[in-house]
Amino acid sequence: MSQVKFEKQETIRTSGGGRGGPAPPKEDLAHEIGNALTKGAGPNGYLAWYLKKLQEDPLRTKMITSGTLAGLQEFLASWIAKDRSKHGHYFTSRVPKMAIYGAFISAPLGHVMISILQRLFAGRTSLKAKIMQIIVSNLIISPIQNAVYLTSMAVIAGARTFHQIRATVRAGFMPVMKVSWITSPIALAFAQAFLPNEVWVPFFNFVGFVIGTYINAHTKKKRLQALRRKYQDGRTTDGRSDYGRPGQGQGGY
């Protein structure tokens, strides 16, 4: 009898049903968060709905996804770097421009390039084929996408002549390629192992969103620091710093 009573007390003590019970395990919390985000794995879940849209209208779905992520990336980078416009807002004119780039340039280009890559290696699942797919991606597809990206960023930043655009691409091409050569093989190997073909472009967009937000925020911080140093060290003949002149504020590029 005493043993039964002891086991019953232990059950009450560890059940967590009372007010003073222990918090639910982290695994349960993560599962609840996942269910909240995807509404579970059922046919009516958000994830299932998104995958269905990718199959029914892949290009438009990728354009909406890429445009949203590109605009959000610019906004988050400005917020992280405390880079405000002259009106004191983080939502600068670059946000809609980046959204347009993501929707009408990045997404269609990625859709075409990844489709070509997948066709070239369709049905080839050997380790050699996977390695060759990574090599082709890094030596052909990534350089094209990065060159288009840098060209678009130059135009968004205000470049209007061929010389200005070429200078921007030449200055940024190798640094961007080095980042691609580090991250792209990992992302592509993950996609090869775990993801269906139709979600590759959104997955790469998300990876690019995370890396791009970090690089964008870091670049903005460096630019703001340079402007502050210029404001502190240099004064013009009329007693005003260039930092305080029109077009030289924190929101200018």
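Structure notes:
- Complete set of residues in the range 158-171 that are among the aliphatic types (A, V, I, L, M) and exposed (fewer than 11 other Cβ atoms within 10 Å of the Cβ): none
- You will find that of F173, F190, F194, the residue that is touching a Pro at 6+ places or on another chain (Cβ under 9 Å) and at pLDDT 90 or above is F173 and no other.
- Number of residues in the range 172-196 that are part of a helix (DSSP H, G or I), over 18 Å from the mean Cα position of the chain (by Cα) and surrounded by fewer than 12 Cβ atoms within 10 Å (Cβ to Cβ): the value is 3.
- Of all residues in the range 100-136, those satisfying the criterion of being among the small types (G, A, S) and in a helix (DSSP H, G or I) are G102, A103, S106, A107, G110, S115, A129.
- Considering the range 213-235, and only residues there that are touching a residue at least 60 places away in the same chain (Cβ under 8 Å) and among the hydrophobic types (A, V, I, L, M, F, W, C), the residue that is surrounded by the most Cβ atoms within 10 Å (Cβ to Cβ) turns out to be A217.
Residue by residue, here is whether (1) touching a Leu at 6+ places or on another chain (Cβ under 9 Å); (2) among the basic types (K, R); (3) under 26 Å from A159 (Cα atoms); (4) loosely packed, with under 14 Cβ neighbours inside 10 Å holds:
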residue: W49; (1), (2), (3), (4): no, no, no, yes
residue: K62; (1), (2), (3), (4): yes, yes, no, no
residue: T68; (1), (2), (3), (4): no, no, yes, no
residue: A77; (1), (2), (3), (4): no, no, yes, no
residue: H89; (1), (2), (3), (4): no, no, yes, yes
residue: I100; (1), (2), (3), (4): no, no, yes, no
residue: M113; (1), (2), (3), (4): no, no, no, no
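- Within the range 190-212, residues that are closer than 17 Å to S137 by Cβ have Cβ atoms under 6 Å from residues that are aromatic (F, W, Y) in these pairs: A191/W200; A191/F203; L195/F203, counting only partners at least 6 apart in sequence or on another chain.
- Test result for V136, free of Cβ contacts under 8 Å to residues at least 24 places away in the same chain, aliphatic (A, V, I, L, M), surrounded by fewer than 17 Cβ atoms within 10 Å (Cβ to Cβ) and under 22 Å from G67 (Cβ atoms): no
- Test for I165: is it farther than 25 Å from V199 by Cα, in a helix (DSSP H, G or I) and touching a residue at least 24 places away in the same chain (Cβ under 8 Å): no
The values are calculated or read from the model by the stated rules, or taken from the named source; none is laboratory data. The structure displayed is predicted, hence computed values, not measured ones. Quick reminder, even Gly has a Cβ in these numbers, built from the backbone with ideal geometry, and neighbours come from all protein chains shown.
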